[in-house]
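A.B. asks: Structure in structure tokens, see below.
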Amino acid sequence: MNMADSDEMMLHLAARGCIGARDMEEADIVLLNTCTVREHAEHRAVSFLGRLAKWKSAKKGRVIIFAGCAAQRLGRGLRRRFPQTDIIAGAKDIDGFGGILDKSGLFGAAAGGGAGAAGAGITGLVNITRGCSCRCSYCIVPYVRGEAYSINPDDILAAASRKIAAGAKEIMLLGQTVNGYNYKGKNFCSLLRDIASLKGLLRLRFMSPHPVFIDEEFIKTAVAEPKISRHVHLPAQSGSDKVLADMKRGYDRRAFLRKTEMLRGAGIAVSTDIIAGYPTETEEDFCQTLSLVDEAAFTAAYCFKFSPRALTPAAALAPLDDKIVEKRLDILLNKVKTASAAAYAAQPGTKQAVLFETPTNGRTSTNFWVRTSKKYAAGELAEVEIKEAEDTILLA
Ligand code: 5AD
Ligand code: SF4
């Protein structure tokens, strides 16, 4: 999502005559687009901003833009702490970013277009919803990105068509609860069908869906449309009914597993996000998460230590001892590694369509990363025979 937002901000800069620099030494402007979903991400962004003071004073006229979710959360206080910051643009300001640049007086007038910004690449990122109204108890996103809303489908189709015309072969639809899309009654599946029909598109992905919106209609839509990726990233967060209820996720373990079975039954691989050490998580709850990893046969899982975030209900709970959380994360990471290795090990002998991102590397529809000995054109979709599996790469 931040990459998509960065692309959008780059377009506004490009419309005002800016072009991408090779490195920071060559650059006149640094735009720092930030995340605040965990404390660590925010710390890194803020310490980078601190280090930029030296960069700025080394050459006259340099500009620092601090943008995104951490900018939204920390707001104007940042400018007092870091007077070198020229522009602060929060995550809610993406749509108004052009106006913010103009108001700063640091840029020339927008000349429109700015198409040359970043080049499209193989994957075109397209936001279809913004914000989130789920209010999971640990999550800061609704506070920094605001309530969920769906973008007009005409604008989405136009954005996707522009990316395809610029060379994208794959469209990745983005939103915090992307499959909750609803614009005046037009739902996610209907939008998927519209985008899949665009000429020149080879593959259609999306991130991240919420488990509660995975239903029969989605399975049918995906099965009927081969361009839709056979991979869904479905955040579980925990395998314990009690913790899921405390997190206010809106589903229990059984319901989540039912969704993963529906997906796998349709040949769709499932990966996930898991939080270790939620404040109410007991050893028994954690074991439930470990067994969920076994049962759901995830092809990959991103695991995080619980991080208390200001404003969220979970931040008011007494945290677990950090040593316990570290240990649980370690055990979980090992479990996930084994599960993922098993998923990769099951692939040799199959023939799969790979969308090449470089001449020798690409992804299967199920989102396995593949390296080939033969060379292909970047952007080509080709059937290859998988010969071997290493930990997180297939060889063909
Ligand atoms: N602590 C740890 N992980 C979190 N995530 C969201 N909020 C937190 C938090 N406070 C994780 C969730 C989500 C992913 C993007 O980040 O697993 O799916
Ligand atoms: Fe955060 Fe995702 Fe829950 Fe929304 S659905 S509150 S973005 S974890």
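The values are calculated or read from the model by the stated rules, or taken from the named source; none is laboratory data. Bear in mind that the values here come from a model prediction, so they are computed numbers and not experimental data. All Cβ positions, glycine included, derive from the backbone under ideal geometry; neighbour counts span all protein chains shown. Quick note on the areas: whole protein, heavy atoms, side chains included, nothing else; ligands and nucleic acids left out. Shrake-Rupley method; radii C 1.70, N 1.55, O 1.52, S 1.80 Å.
A.B. asks: Identify, please: which residue in region 286-314 is among the small types (Gly, Ala, Ser) and more than 28 Å from ALA343 (Cβ to Cβ) and is, among those, nearest to ligand 1 (Cβ to nearest atom)? Walk me through how you get there before you give the answer.
C.D. replies: We begin by selecting, within region 286-314, every residue among the small types (Gly, Ala, Ser); these are 291, 296-297, 300-301, 307, 310, 314.
Those left that are additionally more than 28 Å from ALA343 (Cβ to Cβ): 310, 314.
On the way: ALA310: 10, ALA314: 7 Å.
Here the residue is ALA314.
A.B. asks: So, one more: Of the conditions (1) over 23 Å from the mean Cα position of the chain (by Cα); (2) within 16 Å of ligand 2 (Cβ to nearest atom); (3) more than 27 Å from SER229 (Cα to Cα), LYS305 satisfies every one except a single condition; which number is it?
C.D. replies: Here LYS305 clears every test but (1).
A.B. asks: Could you list, in sequence order, all residues of region 177-188 that are crowded, with 21+ Cβ neighbours inside 10 Å and more than 16 Å from ARG145 (Cβ to Cβ)?
C.D. replies: Passing the criteria: ASN179, PHE188.
A.B. asks: Being surrounded by fewer than 17 Cβ atoms within 10 Å (Cβ to Cβ) and under 14 Å from LYS184 (Cα atoms) is the filter; apply it to region 138-154 and report the residue that is farthest from ligand 1 (Cβ to nearest atom). Can you show your working first?
C.D. replies: As a first pass, look at region 138-154 and keep what is surrounded by fewer than 17 Cβ atoms within 10 Å (Cβ to Cβ): 146-147, 149, 152, 154.
Okay, now just the ones that are also under 14 Å from LYS184 (Cα atoms), so 149, 152, 154.
Working: TYR149: 20, ASN152: 26, ASP154: 29 Å.
Here the answer is ASP154.
A.B. asks: How many residues does region 18-35 hold that are within 16 Å of ligand 2 (Cβ to nearest atom) and in contact with a Leu (Cβ under 8 Å, 6 or more places away or on another chain)?
C.D. replies: Final tally of qualifying residues: 0.
A.B. asks: Something else about it: Mind checking whether some residue in region 166-176 is within 10 Å of ligand 2 (Cβ to nearest atom) and open to solvent by less than 40 Å² (accessible area, probe 1.4 Å)? Before you say what the answer is, go through the steps one by one.
C.D. replies: Step one: list which residues in region 166-176 are within 10 Å of ligand 2 (Cβ to nearest atom), which gives 175-176.
The next check asks that each one be open to solvent by less than 40 Å² (accessible area, probe 1.4 Å); those that pass are 175.
Yes, there is a match, as at least one residue in region 166-176 is within 10 Å of ligand 2 (Cβ to nearest atom) and open to solvent by less than 40 Å² (accessible area, probe 1.4 Å).
A.B. asks: Does ASP246 satisfy being under 20 Å from TYR302 (Cα atoms), at pLDDT 95 or above, open to solvent by 10 Å² or more (accessible area, probe 1.4 Å) and outside any loop (DSSP other than H, G, I, E, B)? If you could, list the steps in order and put the result at the bottom.
C.D. replies: Numbers: under 20 Å from TYR302 (Cα atoms): no; at pLDDT 95 or above: yes; open to solvent by 10 Å² or more (accessible area, probe 1.4 Å): yes; outside any loop (DSSP other than H, G, I, E, B): yes.
Taking the combined requirement at face value, the residue does not satisfy it.
A.B. asks: Return the residues of region 240-255 that are within 13 Å of ligand 1 (Cβ to nearest atom), within 22 Å of the chain's Cα centre (by Cα) and on the phi < 0 side of the Ramachandran plot; say none if nothing qualifies.
C.D. replies: LEU244, MET247, ARG249
A.B. asks: So which pairs qualify, if the first residue must be in region 244-258 and in the same structural domain as LEU317 (by TED's automatic domain parsing), the second must be among the hydroxyl-bearing types (Ser, Thr, Tyr), the Cβ gap must be under 6 Å, and the two must be at least 6 apart or on different chains?
C.D. replies: LEU244/SER238; ASP246/THR280; MET247/SER137; LYS248/SER137
A.B. asks: Taking ASP215 and the conditions (1) open to solvent by 50 Å² or more (accessible area, probe 1.4 Å); (2) away from ligand 2 (no atom under 16 Å from the Cβ); (3) touching a residue at least 12 places away in the same chain (Cβ under 8 Å), which numbered condition does it fall short on, given that it satisfies the others?
C.D. replies: Evaluating ASP215 over (1) open to solvent by 50 Å² or more (accessible area, probe 1.4 Å); (2) away from ligand 2 (no atom under 16 Å from the Cβ); (3) touching a residue at least 12 places away in the same chain (Cβ under 8 Å) leaves (3) as the failure.
A.B. asks: While we're on this one: Scan region 124-138 for residues that are more than 10 Å from ligand 2 (Cβ to nearest atom) and of a type outside the set (D, E, K, R) and jot them down. Break it down stepwise before answering.
C.D. replies: Filtering region 124-138 for residues more than 10 Å from ligand 2 (Cβ to nearest atom) gives 124-130.
If the condition is that a residue be more than 10 Å from ligand 2 (Cβ to nearest atom) and of a type outside the set (D, E, K, R), then GLY124, LEU125, VAL126, ASN127, ILE128, THR129 are the ones that fit.
A.B. asks: Still on this model: Go through (1) modelled with pLDDT under 95; (2) farther than 21 Å from ASN367 by Cα and name the single condition ALA120 misses.
C.D. replies: It is condition (2) that ALA120 fails.
A.B. asks: Also, I was wondering about something else. Check GLY105, GLY68 and return the single one that is at positive phi and crowded, with 18+ Cβ neighbours inside 10 Å.
C.D. replies: On the way: GLY105 fails: crowded, with 18+ Cβ neighbours inside 10 Å.
Among GLY105, GLY68, only GLY68 is at positive phi and crowded, with 18+ Cβ neighbours inside 10 Å.
A.B. asks: Here's something else I'd like to know. Among the residues of region 139-158, is there at least one that is of a type in the set (D, E, K, R), away from ligand 2 (no atom under 13 Å from the Cβ) and in contact (Cβ under 8 Å) with a residue 12 or more places away in the chain? Give the derivation first.
C.D. replies: Of region 139-158, the ones of a type in the set (D, E, K, R) are 145, 147, 154-155.
Pick out the ones that are also away from ligand 2 (no atom under 13 Å from the Cβ) and you get 154-155.
So of that shortlist, the ones also in contact (Cβ under 8 Å) with a residue 12 or more places away in the chain come out as none.
No: region 139-158 contains no residue that is of a type in the set (D, E, K, R), away from ligand 2 (no atom under 13 Å from the Cβ) and in contact (Cβ under 8 Å) with a residue 12 or more places away in the chain.
A.B. asks: Whether any residue in region 34-47 is farther than 27 Å from CYS303 by Cα, not in a loop (DSSP other than H, G, I, E, B) and not assigned by TED's automatic domain parsing to the domain that holds SER307 is what I want to check.
C.D. replies: Of all residues in region 34-47, those farther than 27 Å from CYS303 by Cα come to none.
Within region 34-47 (the criterion being farther than 27 Å from CYS303 by Cα, not in a loop (DSSP other than H, G, I, E, B) and not assigned by TED's automatic domain parsing to the domain that holds SER307), the answer is no, since none of the residues qualifies.
A.B. asks: Quick check on region 86-99. Is at least one of its residues without any contact (Cβ under 8 Å) to a residue 40 or more places away in the chain, within 16 Å of ligand 1 (Cβ to nearest atom), closer than 30 Å to ALA236 by Cβ and not in a strand (DSSP E or B)?
C.D. replies: Step one: of region 86-99, the residues without any contact (Cβ under 8 Å) to a residue 40 or more places away in the chain are 86-88, 93, 95-96, 99.
Next cut, within 16 Å of ligand 1 (Cβ to nearest atom) only: none.
No: zero hits.
A.B. asks: Now for a separate question. If you take the residues in region 155-182 that are over 18 Å from the mean Cα position of the chain (by Cα) and within 24 Å of ILE214 (Cα to Cα), which one is nearest to ligand 1 (Cβ to nearest atom)?
C.D. replies: Per the stated criteria, the residue is ASN182.
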